[in-house]
Every structure is written in structure tokens, then in C-alpha cells.
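The values are calculated or read from the model by the stated rules, or taken from the named source; none is laboratory data. These numbers were taken from a predicted model, which means no experiment stands behind them. FYI the Cβ positions are ideal-geometry reconstructions off the backbone, even for glycines, and counts take in every protein chain you see.
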Amino acid sequence: MSTADPALLLQQLVDHATTDLRRQVAELADRVAVLERAGSAPPLTHAGRLIFTVRQGAELAGVHPDTLRKALERGDLEGSQRSPRGRWGIRREHLEAWIEAAH
């Protein structure tokens, strides 16, 4: 019985994870492009950053809006509200980071 090289196994694991992450980022970019072409792209903020609603963010992440809302309420996903019970706004970079961390 031969013993597998731990360094080789680790490299294979990293390669697989990297490939999977690149695929997920590409899928997210495709979803954003679809929203933009459909004319339902989120508005730009004064700083030029895209801000998504919970519904838009959930669609891009491939999850139910309640899942995204709960992540916001727990602080797992960074977002902002203008008032305590107001609508959430989620920056694109925060949504991407949350998606990457969840996978």
C-alpha cells in the first residue's frame, strides 16, 4: 500500500478549490451582465459602486431572498439601511465576498 504525498494532495485540493471559485465568480459576472442587459441593473452610488437590493443580490447569489436577508441581519453579509427597518443596500464587492466565503 503506497502513501500519497501530502503536498501533492494539498496542491490538488487547492487547484480544485481555485477552479471552483473561478467558475462561481464567472457565473456571478454573467448574472450581473444579464441584469444590466435587461435594464434592471442596480443604480450606481455617488462613489461609482453598484448597490443591490436583497432581491437582486439573492438572484445573483442563487439563494432565496430570505437567506440573504438573514445573512445581513446576522452580520455575515455587510449591507446598509437608511432606517432601522428600511430596505437593505448591498455593495457588489460585499456580495461577491459573501458568495466566495459561503463556498
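So here's what we get for this one:
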item	result
Subset of segment 88-101 that is in contact (Cβ under 8 Å) with a residue 24 or more places away in the chain, surrounded by 13 or more Cβ atoms within 10 Å (Cβ to Cβ) and out of contact with any helix residue (DSSP H, G or I) (no Cβ under 8 Å at 6 or more places or on another chain) - its residue that is farthest from Ala17 (Cα to Cα)	Gly89
Residue in segment 76-87 that is free of Cβ contacts under 8 Å to residues at least 60 places away in the same chain and in a helix (DSSP H, G or I) present	no
Tabulated pairs, segment 39-64, first among the aliphatic types (A, V, I, L, M), second part of a loop (DSSP other than H, G, I, E, B) and at pLDDT below 90, C-beta under 7 angstrom, 6+ apart or interchain	Leu50/Pro42; Ile51/Pro42; Ile51/Pro43; Ile51/Thr45
Subset of segment 62-75 [part of a helix (DSSP H, G or I) and exposed (fewer than 12 other Cβ atoms within 10 Å of the Cβ)]	Asp66, Glu73, Arg74
Positions within segment 25-61 being assigned to a helix (DSSP H, G or I) and either under 15 Å from His94 (Cβ atoms) or at pLDDT 85 or above (or both), in sequence order	Val25, Leu28, Val32, Val54, Arg55, Gln56, Gly57, Ala58, Glu59, Leu60, Ala61
Residues (more than 21 Å from Ala29 (Cα to Cα) and of a type in the set (Asp, Glu)) located in segment 46-103	Asp66, Glu73, Asp76
